Amino acid sequence: MRINLVNPNTTRSMTEKIAAAARSVAAPGTEIRAVSPAMGPVSIEGPYDEAFCVPGLLEEIAKAEAEGFDGHVIACFDDPGLDAARQIARAPVVGIAEAAMHVAGLVAGSFTIVTTLARSIPTLEQLVRRYGFAQRCRRVRAAEFPVLALEEPGSDAQERLRAEIGRALAEDRCEAILLGCAGMADLARELSGEFGSPVIDGVAAATKLVEALVGLGLATSKIGGWAPPLPKPYTGAFARFAPR
């Protein structure tokens, strides 16, 4: 089985960290190819960044589809471009936020999401409602550090994250924590042991869900909303993205 894991930002060190998290849980025989787009933001911190990450993300999904990959993971907790990716992919496409929420629902009655900056909270609250977890999600919290601080030696990002997880467990009465950024993927197991509560990384969760979907012989439905985009010309810089 071959899984195409796309980090929608262009920071290679984060892509390598995400790849390691996926490979640490992948079954023997599962190949993980981790890629970043050739164009786009270095980090995704709000709707503007998200909008500009999508073309490069879709290009990577299309390449992997042409190469016959069995499934795809979108490794950003905003789940950017997820519906569009499912339109152009026959193989299953799983976003890490949706995966993390579904996995949390199997091991805990409630959860809190801890993300990086407060500007991400509205987007994640919308995803919670979209995915049907409003009754299970206690709160979306921000530890208040930029995404790339997780890549900087000597930053206090991990300390801020730990402090916010502690507050979430004490104040929200939640039973699990979801790490609301793919850049936190390498911390989940350590934090689970430290806090005595499930701490769920969406990268690992999405990897295992893709393996399960492929094992079940399931592909993305092409009836309705995820039917392929209609062929038409695109103009200007987007001409090469035109559906054919």
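The values are calculated or read from the model by the stated rules, or taken from the named source; none is laboratory data. Fair warning: this is a prediction, and the values are worked out from it, not measured in the lab. Positions of Cβ are generated from backbone atoms using ideal geometry, with glycine treated the same way; all protein chains shown enter the neighbour counts. Areas reflect the complete protein model, heavy atoms only, side chains present, ligands, DNA and RNA absent. Shrake-Rupley method; radii C 1.70, N 1.55, O 1.52, S 1.80 Å.
Using heavy-atom solvent-accessible surface (probe 1.4 Å) with all chains present, what is the largest-first order of Y234, Y131, Y48?
Y48, Y234, Y131
At 222 nm, what value in deg cm²/dmol follows for the chain if DSSP H runs of at least 4 each add -39500 (n - 2.57) and the sum is divided by all its residues, to the nearest 500?
Dividing the helical sum by the residues of the chain leaves -13000 deg cm²/dmol.
With the full set of protein chains in place, find how many percent of the accessible area of the chain is carbon and sulfur; take the probe as 1.4 Å.
Summing carbon and sulfur atoms, their accessible area is 56 percent of the total for the chain.
So what's the net charge close to E98: Lys and Arg +1, Asp and Glu -1, counting the other residues with Cβ under 10 Å from its Cβ?
Its environment carries a net charge of 0.
Just E45, E60, E171 to compare: in a GNM of the chain, with alpha carbon springs under 10 Å, which one fluctuates most?
So, out of E45, E60, E171, the one fluctuating most is E171.
Hey, what D do you get for region 1-96 in µm²/s if you plug the Kirkwood alpha-carbon radius into Stokes-Einstein at 20 °C and 1.002 mPa s?
Rounded, D is 164 µm²/s.
How high is the FRET efficiency from Q135 to F195, r the C-beta distance, R0 25 Å, rounded to 0.05?
0.60
Name the GluC sites (Glu not before Pro) in region 74-158 that are in a loop by DSSP and that have at most 15 other C-beta atoms within 10 Å, would you?
E144
Where is the GNM fluctuation largest for the chain (alpha-carbon springs, 10 angstrom cutoff): Q87, Q158, Q135?
Taking springs between Cα atoms under 10 Å, the residue moving most is Q135.
For the chain, with a Gaussian network of springs between Cα atoms less than 10 Å apart, report the residue from K17, K208, K232 with the top mean-square fluctuation.
K232
Quick one: what Rg and Dmax do you get for region 141-244 from the alpha carbons, in Å?
Rg then Dmax for region 141-244, in Å: 19.9, 54.
How are the alpha carbon pair distances in region 76-120 distributed across 5 Å bins from zero to the largest one, expressed in percent?
Histogram of Cα-Cα distances, whole percents per bin: 5, 18, 22, 21, 17, 11, 5, 0.
Using modelled backbone amide H atoms (1.01 Å from N, in-plane), which distant-in-sequence or interchain residues come within less than 5 Å of I200's amide H?
Those lying under 5 Å, H to H, from I200 are I177, L178, L179.
Considering amide H positions built from the backbone, and no H for Pro or chain starts, which residues 5 or more places from V73, or on another chain, come under 5 Å of its amide H?
When sequence neighbours closer than 5 places are left aside, the close amide H contacts are N4, L5, V6, V94.
For the chain, divide the Cα radius of gyration by the Kirkwood radius and give the resulting Rg/Rh value with two decimals.
0.96
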